[in-house]
1. Being of a type in the set (Gly, Ala, Ser) and either within 16 Å of the ligand (Cβ to nearest atom) or not in a strand (DSSP E or B) (or both) is the filter here, so list the residues in the stretch 124-133 that pass it.
2. Please report, ordered by residue number, the strands (runs of 3 or more DSSP E) entirely within the stretch 9-123 with at least 1 residues that are within 16 Å of the ligand (Cβ to nearest atom) and within 15 Å of the chain's Cα centre (by Cα).
3. If I filter the stretch 25-37 for residues that are surrounded by fewer than 13 Cβ atoms within 10 Å (Cβ to Cβ) and at pLDDT 80 or above, do I get at least one hit?
4. Looking only at the stretch 53-75, how many residues end up being touching a residue at least 12 places away in the same chain (Cβ under 8 Å) and in contact with an Asp or Glu (Cβ under 6 Å, 6 or more places away or on another chain)?
5. So, in the stretch 136-148, of the ones that are out of contact with any strand residue (DSSP E or B) (no Cβ under 6 Å at 6 or more places or on another chain) and more than 16 Å from the ligand (Cβ to nearest atom), which residue ends up nearest to GLU85 (Cα to Cα)?
6. Which residues, taken from the stretch 114-146, are surrounded by 15 or more Cβ atoms within 10 Å (Cβ to Cβ) and of a type in the set (A, V, I, L, M, F, W, C)?
Amino acid sequence: MLKKTILIFALLLIGLSYGLEEYYGHNRESLVTSETRQNINAVIDGIKANQIVETFDEWYHQDVEMFENGNSDGRKGKAQNRIVEKNFADNSVIHDVKVLKLLVDEEMSSYLMFMNYTKSGENHASSQWGIQYWKDGLIIREEFWYSSH
Ligand SMILES: *[C@@H]1O[C@H](CO)[C@@H](O)[C@H](O)[C@H]1NC(C)=O
């Protein structure tokens with residue numbers, strides 16, 4: 001009887017501490033931020049798996065605008081950007097992808113990514129910042145900032 005009571009009491013304590021952890025864990029970071037973090041990690045996993053076009057199709061908004069060092073010529077809307085992404089995927093061999101930093105705040109995310117790839121026979125190994133603006137769980141705007149490729 002006493003053993004049973006102690007067991008039940010112990011289980012209640014474990015349950016309570018688990019519940020508190022869940023409650024405060026969620027309050028430390030908003031649900032929107034958690035969701036954005038999950039989504040950008042899925043995008044990064046897709047890039048690492050060399051699924052550039054598939055990842056683009058799944059995670060980019062119909063009205064996405066993309067910028068290279070502030071320039072979005074030819075990068076307005078999903079159709080234009082898909083051509084650029086497909087051109088990159090079709091002509092590149094990716095050797096290495098490393099995420100060096102990842103920041104997430106509400107519907108914004110940002111990573112510093114090192115990529116080593118050979119495009120049209122030319123090797124590029126450099127890092128760039130990518131900044132993503134999310135809407136309805138999709139990337140609506142993305143900026144890439146780099147000094148050289
Ligand atoms: C890039 O990848 C190639 C092929 O694997 C390798 O030979 C080269 O050392 C890598 N460069 C850098 C800077 O990591």
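The values are calculated or read from the model by the stated rules, or taken from the named source; none is laboratory data. Computed from a predicted model, the values in this text were never measured in an experiment. Note that each Cβ is placed from the backbone with ideal geometry, even for glycine, and that neighbours are counted across all protein chains shown.
1. Selection gives ALA125, SER126, SER127.
2. Ranges flagged: 92-105, 108-119.
3. Yes; the residues of the stretch 25-37 include at least one that is surrounded by fewer than 13 Cβ atoms within 10 Å (Cβ to Cβ) and at pLDDT 80 or above.
4. 4
5. Going through the qualifying residues, I end up with GLY137.
6. Those that are surrounded by 15 or more Cβ atoms within 10 Å (Cβ to Cβ) and of a type in the set (A, V, I, L, M, F, W, C): MET115, TRP129, ILE131, TRP134, LEU138, ILE139, ILE140, PHE144.
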